[in-house]
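Asker: Quick one: the structure is below, and I'll ask about it shortly.
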Amino acid sequence: MRALEAELERGLGLFADAQDAGALDEAQTAIMGRKSPFSQIQKSLGSMSEADRREVGRAANEARTSLQEALEGRRQRLQEAAEGQLLEADSIDLTLPGRRARRGSLHPLTLVEREMVGVFQRMGFRVAEGPEIEDDWHNFQALNIPVDHPARTMKDSLYVDIEGGPELLLRTETSAVQIRTMQSQQPPVYVVAPGRVYRRDTADATHSAVFHQLEGLAVDEGITFSHLKGVLEAFAKALFGPDQRVRLSPSYFPFVEPGAQVEVSCFKCGGVGCRTCGNGWIEILGAGMVHPQVLENCGYDSERYTGFAFGMGIDRVALLRYGIPDIRMLFDADVRVLERFGVFA
Amino acid sequence: MKVVLSWLREFAPTELGADDLAELLVRRGVHIEGILRPWADLDGVVVARVVEVTDHPNSEKLCIALVDDGAGEHQVVAGIRNMSPGDLVPWARPGSRVPGLPDPLGARELRGVVSNGMLCSARELAIADLHTGILILNDEGLQAGSDLKSELDLDDAVLDIEVEPNRPDFLSVYGVAREAAAATGVGLIPIDAAPDEVAELAASVASVEIEDLDGCPRYLARIIKGVRVGPSPIRVQARLTASGMRPVSNVVDATNYAMLETGQPLHAFDLFLVKGAGIIVRRAAEGERLVTLDDVERELTTEDLMIADGGRSVAIAGVMGGDFAEVSDATQDILLESAHFTRTGVLRTARRLGLHTEASVRFERGTDPEGVATGADRGASLIAKWCGGTILAGAAEAGAVPARTWVSMRPVKASALLGYEVGAKGAEQVFAQLGFGQRSAEDLIEVEVPGYRVDIEREVDLIEEVARVQGYDKLDSELPPVRQAGGEPAAYAFGHKVRDVLAGAGLREAVLLSFASSGDLALTGDDDAIEIANPLNAEEGYLRTRLITGLLHGVARNQAKGVGSVALFEVGTVHRAGDPFEESRKVALVLCGPAESGWSGADRPFDVLDAKGVIATLMQELGVQDWGLGDRLQTPLFHPGRSCSLQVSGEDAGVLGELHPRVAEAMDITGRVAFAEIGLEELRAASVPPASAVFADVPRFPPVRRDLAFVVTESVLAGALTDALTEEAGPLLSSCELFDVFRGGSIPSGHKSLAFALDFRSAHRTLTDEEVEEVLARIVARLAAGFGAELRAG
């Protein structure tokens, strides 16, 4: 019994002193191995008297359980310590910048065009497109700008040299898409046409020989000037915020009558007047009721159908929206500008 | 058109200030771009009498004037000596301000003599663009000591109006006043034009004959005899200058003043120089030449309308006079032309000659045929007033004033178009306010169109008047009953999908101009670019044939700005000549500089395989399966060993490669530039939408993975080896990834090791090792036979 107690004492001490898994294994072999004194004692049980055997046997079992528990406990602690060391060695400087996938971006014109087109699509308008090289009829004559119309001097066009063909030009307005749409379908027509247009303009902060417009056209029975105002107001609220107001003033475009220049209350200052707007209003588009002559040019019955049309500069909206000071910055492919943008507006 | 406000108030005596009046006019469709105040910086300049003028002791150019402003005598140094004792001159006292100078004047020493302020020229006072002498004010009825600004009405505001083509009546002070009077409700005061005539008849001195009544329905010539040509009054000069015209002489100023006021262009001929004292309005002879007042010889055609005398042409009708019968200092008698030339003729002539004058601009847009007499009367009166002389009775004239037209409007139609109830009463009020004659029938209002409203031709023109005058604020805001769902054409949506994929792949979208220079075309070797007939500069001489050149220039600009890593794409339109010419949409991308960034990034520049990777991603996202590489490209733009065509559905649809180092150098680009360009329509045609049964394909059984490395000679292409491997493996191979290319070490020189990670899988069961080993053995045998490939141990 005394030897048993001594072995238990010795084992607990050895286990507690073991500093790594190897030492613990050695201690286990020394204390509980086949040849250990402890095993000898257990083996000697068979030669004991019934009473001794019961007493010593029970004590040996208890000692074994205690040793086993101590061993497992020590083993677990050693494992935890080893794991802790490993993890500590694996620690990292979390203040280093995170690894990121290469970030791409959409162009501000794309972002703004999607937003604008999206608003009209949700109102039921469909996107229409047309060619950038146009003929005189679609770009001018059908839009109520005959050859000798003074409005032809309002803007200079870029013409292209195509041998043997008719005189062609780079469209000066997306309005030509109005004509192509009406030629290809009967009313009702509800379309928006985003696209690239061209002018013979020297580039400066607000002018570019290439820029982009969004044209809108609605032709149906019973379309009124008030519908135009309603649609543009809904557009302005969707794009610039629910408090937006819209103001129409008389203006002239040969292909609409009555014509209007449309201003929205300044989204920078809320309409009180600031450096962006001056008087609280920002002019963003021209619009009006489709001129009956234009409807007739496309074979529509101008007594039965009425319509409205509008056109606005996508570039202009982009400049306003993002505070870009110079239109040329849109067309420069300058990564320092492009990286200000993401894939959402 | 610049309208001096005090001038406008002579006809529309409104009390409104410039800003309020401008706002009111804008709301009625007068496009006011701004309000100018040309004399805002003029303050404290007074009239002074010259007492004496003496030499400057230290300068031959300068002189010393002693001037008296009524309160005392002051010494002023002047740079010019056109004034004499007794003359009244503008004296800018110390502390005063003049428009021409940034700071208030002071007393300062000029070459040792103190100058108290300065004496002013017409230019310094913004009265006329004249700087040849001190402005002499003797004939203006002024007193020494009076304030120049208030005495000469120089505190005016000027409305700067952009006149839209439909309203040429706004090209006159009176026309704008007419709108202002209607808008404010003040009565419109007629132009006081009736001249004091002598008994002698104009028709007895001169004659007029019109050969082309279509081009010139009416011509009227007034005669003013015994004029003295000289400068016009200072107030007149100031008004002309503020209106954007240059004062010339009293006769010319009188015609310009009357034109600005009435809108009727006038032309003064020296009667003595008009041969036979007869005006003939006729077409030019083909090739006829005339030196116009601007000293340019013009060649004319039979389309052009001319003013001729008995012998020769003296003016291009409605555009510009010739130098034959020009008014000069010696002119005594004047033939004053006031005519109606139809707009199309003048427009064509002015456009062809590139000669748009104050007169032609008015005729091009349409003048009032009824205003011919008013203009002539007003012009003659002003000439007589400012130049002396007598006005002969009546006029030599030909042609007639065309009758007015009537246009009718249905109030019901107006309501239907505007979306609110206009009502017959409301419409009648509008037309009455505008001064239109009208008569009402059942459901119809007939309106008499005055001659100055060239824009009113049909019903909608009257509806516009109603909307404009009643005010656009009357409009309701309603949404139309759109009976369709919104949408977009597939091609439009596809372009946007491509943008999303490429932005998601880490590229930045650029938008570039559509032009190409001849240099760009030389780089690409494209000889089918469409030329721009009238480019503004050589850089924009052609339409681009491909997107890539613009992106390459973008790379160069970015590098010049110090941007190292450039990954850009563009979706855009290109053009090529042909019959028919081609307009097509492309997507292009360019990669240059470090491929990865950040502290842990491998230091590796982009190359063509990065571009290929982006293309592979694009194809995968778009569902384009049938794509591959075509032939190598040998054109000068491309690196010959790293470029090839891109094929979609077996046809060339684009290019993939790197920029030729020589071209890169020529474009000032450093480092490798990888790029690709491909047609959107080709992609779209080959694009298969994701299968609807996509979830049925998700594998249920685990794959068996095997890595195989083969040693082959350098000439063996990875693609060919992969193709053969895939083909031999058959349907059990679910994925094959080339994960390593290794050279050196135990690999013999001239050889490389290509390592593949292969996944084998069956949709129906877990594969056994035996099945996989059998396939592997076939692969090894096939590659050994086909490529001499040796399976690398391990």
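Asker: Highest first, please rank the peptides B:775-787, B:670-682 by the mean number of other Cβ atoms sitting within 10 Å of their residues.
Answerer: Result, highest mean first: B:670-682, B:775-787.
Asker: Oh, and also: I want the antiparallel fraction of DSSP beta bridges within the protein assembly as shown, as a percent rounded to 5.
Answerer: 95
Asker: By what distance, in whole Å, do the Cα atoms of segment B:1-115 stretch along each of the three principal axes, largest value first?
Answerer: Dimensions of segment B:1-115 along the principal axes of its Cα atoms: 62, 27, 23 Å.
Asker: Work the Kirkwood hydrodynamic radius out for segment B:215-314: mean of 1/r over every pair of different alpha-carbon atoms, inverted, in Å.
Answerer: 15.5
Asker: Checking a compactness column here: for segment B:512-628, what do you get for Rg(Cα) / (2.2 N^0.38 Å), N being the number of residues?
Answerer: 1.24
Asker: Using helices alone, what [θ] at 222 nm do you get for chain A, with -39,500 (n - 2.57) per DSSP H run of 4 or more residues, divided over all residues and rounded to the nearest 500?
Answerer: Only helices count here, giving -12500 deg cm²/dmol.
Asker: Then there is this: In nm², what is the average projected area of the convex hull enclosing the Cα atoms of segment B:478-559?
Answerer: Over all viewing directions, segment B:478-559 projects a mean Cα-hull area of 10.1 nm².
Asker: Translational diffusion coefficient, Stokes-Einstein: compute it for segment B:118-173 using the Kirkwood radius over C-alpha pairs as Rh, at 20 °C and 1.002 mPa s, and state it as an integer in µm² s⁻¹.
Answerer: Answer, rounded: 152 µm²/s.
Asker: If a cysteine in chain A has no other Cys Cβ under 4.7 Å from its own Cβ, put it on the list, ordered by number.
Answerer: A:298
Asker: Shifting gears a bit: Counting only Cα atoms, I'd like the Rg/Rh figure for chain A, Kirkwood definition for Rh.
Answerer: 1.59
Asker: Roughly how much accessible area, to the nearest 100 Å², goes out of reach of solvent when A and B pair up, both sides summed, probe 1.4 Å?
Answerer: Counting both chains, the buried surface is close to 7900 Å².
Asker: Going down the table (A:268/B:413; B:149/B:385; A:237/B:497; A:268/B:149; B:497/B:612), which pairs top 30 Å between alpha carbons?
Answerer: Beyond 30 Å between Cα atoms: A:268/B:413; A:268/B:149.
Asker: Right, here's the next one. Might you tell me the accessible area per residue for segment A:203-330, computed with a 1.4 Å probe and given in Å²?
Answerer: Normalised by residue count, the accessible surface of segment A:203-330 is 32 Å².
Asker: Tell me what chain B gives for mean residue ellipticity at 222 nm when only DSSP H runs of n ≥ 4 count, each as -39,500 (n - 2.57), the sum divided by the residue total, rounded to 500 deg cm²/dmol.
Answerer: -8000 deg cm²/dmol, from helical runs alone.
Asker: How long are the semi-axes of the ellipsoid equivalent to segment B:389-434, from square roots of 5 times the Cα gyration tensor eigenvalues, in whole Å, largest first?
Answerer: In descending order the semi-axes read 43, 14, 7 Å.
Asker: From the convex hull of the Cα coordinates of segment A:242-345, what is the mean projected area in square nanometres?
Answerer: The directionally averaged projection comes out at 9.4 nm².
Asker: Jot down the radius of gyration and Dmax of segment B:235-373, Cα atoms only, both in angstrom.
Answerer: Using the Cα atoms of segment B:235-373, the pair Rg, Dmax is 14.4, 45 Å.
Asker: OK, next. May I have the extent of the alpha carbons of segment A:209-288 along their three principal axes, as whole Å values ordered from largest to smallest?
Answerer: Computed over the Cα atoms, the extents are 40, 33, 22 Å.
Asker: Give me, ordered by chain and number, the residues 5 or more places off residue B:210 or on other chains with an amide H under 5 Å from its own placed amide H.
Answerer: Under 5 Å from the amide H of residue B:210 lie the amide H atoms of B:281, each far enough along the sequence or on another chain.
Asker: Over 5 Å intervals from 0, what percent of Cα-Cα pairs in segment A:304-345 sits in each interval?
Answerer: Spelled out bin by bin, segment A:304-345 gives 5, 16, 25, 21, 8, 6, 6, 5, 4, 2, 0 percent.
Asker: Based on the alpha carbons, how large is the Rg to Rh ratio for segment B:295-334 when Rh follows Kirkwood?
Answerer: 1.00
Asker: Output wanted: per-residue J couplings in Hz (rounded whole) for segment A:25-36, from phi through Karplus 6.51 cos²θ - 1.76 cosθ + 1.60, θ = phi - 60°, x for Gly and Pro.
Answerer: These are the phi-based 3J(HN,Hα) values: 4, 4, 5, 4, 4, 5, 8, 10, x, 4, 9, 6 Hz.
Asker: Continuing with the same structure: Could you grab the relative contact order for segment B:344-498? Cα pairs under 8 Å, six or more apart, rounded to a whole percent.
Answerer: Computed over segment B:344-498, the figure is 22 percent.
Asker: Let me ask something else about it. If I take all pairs of Cα atoms in segment B:194-264, what percentage of them are more than 14 Å from each other?
Answerer: 70
Asker: Of all accessible surface on chain B at a 1.4 Å probe, what whole percent is carbon and sulfur?
Answerer: 50
Asker: Mind putting a number on the dipole of chain B about its Cα centre? Charges go on the C-beta only, +1 for Lys and Arg and -1 for Asp and Glu, and I need it in Debye to the nearest 20.
Answerer: 1060
Asker: Another one. Across segment B:444-523, how large is the tail of the calculated P(r) beyond 17 Å, expressed as a percent of all Cα pairs?
Answerer: 76
Asker: Let a ≥ b ≥ c be the square roots of the eigenvalues of the Cα gyration tensor of segment A:117-254; is it rounded (a/c under 1.5), or, if not, prolate (a/b larger than b/c) or oblate?
Answerer: In terms of gyration-tensor shape, prolate.
Asker: Here's a follow-up. Any chance you could get the radius of gyration and Dmax over the Cα atoms of chain B, in Å?
Answerer: For chain B, the Cα radius of gyration and maximum Cα-Cα distance read 41.0, 129 Å.
Asker: Counting heavy atoms of the protein chains only and a 1.4 Å probe, report the per residue accessible area for segment B:501-617 as a whole number of Å².
Answerer: Result: 37 Å² of accessible area for each residue.
Asker: On each of the three principal axes of the Cα atoms of segment B:677-794, give max minus min coordinate, whole Å, ordered largest first.
Answerer: Sorted largest first, the three principal extents are 49, 44, 23 Å.
Asker: Distance between the C-alpha centers of segment B:290-334 and segment B:464-522? Whole Å please.
Answerer: 51
Asker: I want to verify the translational diffusion coefficient of the protein assembly as shown in µm²/s; compute it with Stokes-Einstein, Rh as the Kirkwood radius over Cα pairs, at 20 °C and 1.002 mPa s.
Answerer: Translational diffusion coefficient: 57 µm²/s.
Asker: In segment A:181-334, carbon and sulfur make up what percent of the accessible area (probe 1.4 Å)?
Answerer: 46
Asker: On to the next question. Give the Kirkwood hydrodynamic radius (Å, one decimal) of segment A:168-236, defined as one over the mean of 1/r across all pairs of different Cα atoms.
Answerer: It is 13.8 Å.
Asker: Shifting gears a bit: Relative contact order for segment B:542-594 using alpha-carbon pairs under 8 Å, separation at least 6, rounded to a whole percent?
Answerer: Reported as a whole number, the value is 43 percent.
Asker: Sticking with this one: Which of the GluC sites (Glu not before Pro) across segment B:365-447 are loop residues per DSSP, with 13 or fewer other Cβ within 10 Å?
Answerer: In loop regions of segment B:365-447 (DSSP not H, G, I, E or B), the sparsely surrounded GluC sites (Glu not before Pro) are B:421, B:442.
Asker: Buried by at least 50 Å² relative to the chain on its own: which residues of segment A:274-304 qualify, computing accessible area with a 1.4 Å probe on protein heavy atoms?
Answerer: SASA drop of 50 Å² or more in segment A:274-304: A:303.
Asker: Further, regarding this structure: Would you mind calculating the relative contact order of segment B:707-784 from Cα pairs under 8 angstrom and at least 6 residues apart, reporting the percent as a whole number?
Answerer: 39
Asker: I would also like to ask the following. To the nearest whole number, what is the average tally of beta carbon atoms from other chains within 10 Å of the beta carbons of peptide B:511-520?
Answerer: Partner-chain Cβ atoms within 10 Å, mean over residues of B:511-520: 4.
Asker: Calculate how large, on average over all directions, the projected area of the Cα convex hull of segment B:427-572 is; give the answer in nm² to one decimal.
Answerer: That works out to 18.1 nm².
Asker: Let me ask something additional. Can you bin every Cα-Cα distance in segment B:364-510 into 10 Å intervals starting at zero and give me the percent of pairs per bin, rounded to whole numbers?
Answerer: Pair shares across the bins are 9, 23, 16, 15, 15, 11, 7, 4, 0.
Asker: Two-decimal Rg/Rh of segment B:29-96 from alpha-carbon positions, Kirkwood Rh?
Answerer: Rounded to two decimals, Rg/Rh equals 1.21.
Asker: Additional query: Distances over 15 Å make up what percent of all Cα-Cα pairs in segment B:80-173?
Answerer: 70
Asker: Also, I was wondering about something else. Aspartates and glutamates within cross-link reach of residue B:275: Cα-Cα under 18 Å, excluding same-chain residues under 8 positions apart?
Answerer: Candidates past the 8-residue exclusion: B:209, B:211, B:309, B:323, B:326, B:333, B:337, B:397.
Asker: For segment A:133-144, take each phi angle, set θ = phi - 60°, evaluate the Karplus expression 6.51 cos²θ - 1.76 cosθ + 1.60, and give the result in whole Hz per residue in order, putting x for glycine and proline.
Answerer: Karplus-based 3J(HN,Hα) across segment A:133-144 equals 8, 10, 9, 4, 5, 5, 7, 10, 4, 5, 8, 6 Hz.
The values are calculated or read from the model by the stated rules, or taken from the named source; none is laboratory data. This structure is a prediction, so every number in the text was calculated from the model and none was measured. Positions of Cβ are generated from backbone atoms using ideal geometry, with glycine treated the same way; all protein chains shown enter the neighbour counts. Only protein heavy atoms, including side chains, enter the accessible area calculation; ligands, DNA and RNA are left aside. Shrake-Rupley method; radii C 1.70, N 1.55, O 1.52, S 1.80 Å.
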